[in-house]
Structure formats: C-alpha cells, structure tokens
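This report refers to the structure that appears directly beneath it.
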Amino acid sequence: LLRVAAAAAKMNITPHLMVTSVNASIEHYVNVLGFKLHRTWPESDKDANEAQEKDDGKGFAWAAVELGKINIMFSRDDCYREQVAEGVPSIAKGPTCTATFYITVAKDVDDLEKELLSRGARVLKKPYKTFYGMKEMLVEDIDGYILVFGSVLPQEVN
C-alpha cells in the first residue's frame, strides 16, 4: 500500500480534450483564460503550414497548455478519431462525454471574473459562495467544456 501511495504521489492527471480547432482552443485558453502554450504538433507554424495539405488546412492537430501546475491537452477531434478509433466504435462516432474541470486559484474569484470578462470569457455563473467554504464561478470554453474556478473563502471569526 505504501508503494502505491508513493507512486500515486508522483502521478498527475492531464485532461485531453477533443476540440473542433486546436488553433482556436490555443487562442482562447492563452488570450482569454490566461494559460501559456507549452507545445504543439506539428511543432511550429511553419510545420503546420507544411502539414496543411495532409490536414486539409485545419492547423495544429495537438497542443498542450499550462497554468501553474495545471496542464490541458487538445486534439483536433477528426485527427484523434482517425488515429485511435479503429476497433473502438464509441470513439469512431465522435466525442461521447463532456467534462467539467475544477481549478483552485489563489486570487479572489471576483478579481478573476473581472480579468476574464475583460478578455472575452463566457462566464456562465458569476462568483457565488458555497457551503463548503469556497467562492466559485463557472466559465465555458469555446467547445462547451466547463471550467469551475474556485478560491478558498477567508475563515469568518465569530
């Protein structure tokens, strides 16, 4: 059991989202949500331009972005289905699930809301207090994935 716990402590989970346009997702996550671009495939715009004939001019096929310790990968859904779907009928017919991501932030969610709105983010639910001591807001990305940003509420002194 201790070995399993030690191994798990070194692991992380990186969501891998199927998106319509990796280029548009990069633009949205970097310019609107404040992430940083980590990697792309093809590895540069030049490579992407050279790959356009093969990719029907649709831009990058894969990318990874990061925000602190948070990493998210994107794959263009048509590329992913082409590479992975053989023998997996549920993937061949397209994405079958949605996802909601919970992101704990150090800054106050009210300040984050103002920052994200100024960059054009789609806030689905304005900041609200929860019964479990968090202030949260819901933001939708351009492919319909929901990001819940939460910050710990200060302890109230009685």
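Could you tell me whether any residue of the range 47-58 is open to solvent by less than 50 Å² (accessible area, probe 1.4 Å), modelled with pLDDT of 90 or more and either of a type outside the set (D, E, K, R) or over 19 Å from Ile142 (Cα atoms) (or both)?
no
Could you grab me the full set of residues in the range 27-46 that are modelled with pLDDT of 95 or more and of a type in the set (Ser, Thr, Tyr)?
Tyr29
The values are calculated or read from the model by the stated rules, or taken from the named source; none is laboratory data. Just so it is clear, the structure is predicted and the values come from calculations on it, not from any experiment. With ligands, DNA and RNA removed, areas are computed over all heavy atoms of the protein, side chains included. Shrake-Rupley method; radii C 1.70, N 1.55, O 1.52, S 1.80 Å.
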